[in-house]
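Any read-out appearing in this document is the output of simple, stated calculations on the displayed coordinates, not a laboratory observation. Just so you know, these numbers come straight off a predicted model, no measurement behind them. Counting neighbours? That spans all protein chains shown, and the Cβs are built from the backbone with ideal geometry, glycine included.
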Amino acid sequence: MKPILITNINLIDGNANEPVENTSISIGNKKILAIGGDLSKDESNYDKIIDGNDGFLLPGFIDTHVHLMTNGFLNESTMNDPLSYYFYNAAKNMKDTLNAGVTTARDCGLVDIGVKMAVERGLFPAPKLQICVIPLSITGGHFDLYLNSGYDMVVQYPGFPHPVCDGVEGVLSKTREVIRAKADFVKVMATGGVISANDAPEDTQFNVKELKTVVAEAKRIGNKKVATHCHGLGGIKTSLKAGVHSIEHGTFMDKPTAKIMAKKGTFLVPTFSVINFQKKQANENKLPEDKIPKALEVAKVHKENIEMAYEEGVNMVMGTDGGVVPHGENLGELAYLTNMGMTPLEAIRAGTSNAAKCLGIEKETGSIEVGKLADLLITDKNPLEDISKLGSADNISFIMQNGKVVKNNMDS
């Protein structure tokens with residue numbers, strides 16, 4: 001088949017370079033073949049020519065922190081809904097996420113290998129996935145969903161590991177178990193959560209020896225990376241000592257720790273979307289009464305400390321905690337990143353080429369370069385003038401994933 005040509009576009013490459021105006025791009029065999037303004041001289045060379053209508057061409061975005069199986073982590077859903085509904089609902093979540101411009105996602109808990117297989121075989125539209133299957137949690141920790149009633153809210157079915165583990169031997173065994181379940185990376189709950197039932201966000205969970213065991217074993221089995229959920233400073237410090245690859249949230253970061261993190265090059269996924277979503281819920285009295293003060297405190301401290309970490313040079317990438325926040329609004333995170341201090345080009349890089357580096361796929365995707373996979377989107381809104389416009393899927397008129405058009409509203 002002949003290549004596809006997209007003409008009349010303004011190219012933002014994802015590497016924070018200045019846009020290239022009025023150019024063209026050709027795509028074939030899933031990849032970007034050529035970029036340049038003179039590609040349309042002989043239209044007979046192409047199977048299809050798409051007029052970009054002077055829109056803005058960007059790389060497909062990468063959300064490094066989502067939970068595609070969930071819609072709010074509601075206990076009543078786990079208790080009342082049939083297990084099959086859980087999977088069908090996830091298919092909709094993935095479609096909404098792709099429709100929002102996210103062509104790749106790192107799922108930080110609950111997508112299993114069966115769902116990933118369905119995505120890879122094209123059974124429904126979805127971002128390309130990296131999965132951890134289930135996060136590791138201490139007894140009574142952030143992903144120990146045991147209620148006072150004695151009911152365990154962790155979804156259980158054959159082949160799906162339980163998250164709870166304790167001690168060096170326990171975490172060693174659980175790391176092997178999640179990798180056996182085909183995890184691409186290992187996720188660990190290293191602190192408590194904002195609204196979890198059994199802990200507080202400052203609580204340190206897992207000690208350095210336990211985390212080092214997880215990191216070493218994940219590296220031994222296929223050189224897999226480790227991501228840690230960390231709000232509290234203690235968990236951030238133990239994670240850095242253990243050598244984790246990325247830290248999620250980073251709420252109670254301090255300046256000395258930010259300096260260490262910047263020096264190590266550890267990725268930070270600040271997840272402004274979920275912090276601000278929970279702040280909104282708190283202000284509307286939609287959280288449990290005892291969690292409202294903590295959610296408001298976390299929102300204030302998070303903003304201050306992430307701004308400080310950015311100034312200290314910590315390496316940040318885009319992640320939303322989609323699934324706690326509504327799916328399909330992922331690129332709203334970009335506006336939070338610019339409000340924090342990034343330029344629009346830096347924020348776009350955080351969601352594209354830098355996010356690809358976090359996932360170890362930068363040679364394949366994340367930027368618009370010849371030879372890379374054609375994961376692309378077009379918007380008629382200039383993101384350098386108002387990046388918040390990307391937060392609405394309606395403003396993304398065209399999406400290509402692996403060279404295949406998965407959304408095209410260019411003519412509507």
Excluding residues fewer than 8 positions from K286 in its own chain, the lysines with Cα under 16 Å of it are K294
Going from the fewest other Cβ atoms within 10 Å to the most, one would list Y157, Y146 as Y157, Y146
Excluding residues fewer than 8 positions from K372 in its own chain, the aspartates and glutamates with Cα under 19 Å of it are D13, D63, E120, E362, E364
Reduced to Cα centres, the span from region 362-378 to region 210-247 in Å works out to 29 Å
The residues D47, D166, sorted from fewest to most surrounding Cβ atoms within 10 Å, come out as D47, D166
Rounded to the nearest 5, the percent of antiparallel DSSP beta bridges in region 61-328 equals 5 percent
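Could you put H302, H162, H229 in order, starting from the residue whose Cβ has the fewest other Cβ atoms within 10 Å?
Details: H302 25, H162 14, H229 30.
By the 10 Å Cβ count, ascending: H162, H302, H229.
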With x for Gly and Pro, the residue-by-residue ³J(HN,Hα) of region 148-160, computed from phi through the Karplus equation 6.51 cos²θ - 1.76 cosθ + 1.60 at θ = phi - 60° and given in whole Hz, is 4, 5, x, 8, 9, 7, 5, 5, 10, 7, x, x, 9
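Restricting to DSSP H runs of at least four residues, report the calculated mean residue ellipticity at 222 nm for the chain, -39500 (n - 2.57) per run over all residues, nearest 500 deg cm²/dmol. Display every interim value, and only then the final one.
On the way: 12 runs with 132 residues, N = 412.
Computed mean residue ellipticity for the chain: -9500 deg cm²/dmol.
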Applying the gyration tensor rule to the Cα atoms of region 245-398 (axes a ≥ b ≥ c; rounded if a/c under 1.5, else prolate if a/b exceeds b/c, else oblate), the class is oblate
Any lysines whose Cα falls less than 19 Å from that of K182, other than same-chain ones fewer than 8 residues away, would be K116, K128, K174, K219, K224, K225
Taking 30-42, 336-348, 96-108, 77-89 and ranking on average Cβ neighbours within 10 Å, highest first, one gets 96-108, 336-348, 30-42, 77-89
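If we sort 279-291, 189-201, 55-67 on the protection proxy, mean other Cβ atoms within 10 Å, highest first, what's the order?
In descending order of packing, they fall as 55-67, 189-201, 279-291.
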At the level of C-alpha centres, the distance separating region 108-166 and region 304-330, in angstrom, is 22 Å
Under the Karplus relation with 6.51, -1.76 and 1.60 and θ = phi - 60°, whole-Hz ³J(HN,Hα) for region 174-184, x at Gly and Pro, equal 5, 4, 5, 5, 5, 6, 4, 7, 6, 5, 7
Looks like region 362-412, by Cα gyration tensor root eigenvalues a ≥ b ≥ c and the a/c under 1.5 rounded cutoff (else prolate when a/b is bigger than b/c, oblate otherwise), is oblate
Which residues qualify? For G37, with a placed amide H closer than 5 Å and at least 5 residues away or on another chain, they are S24
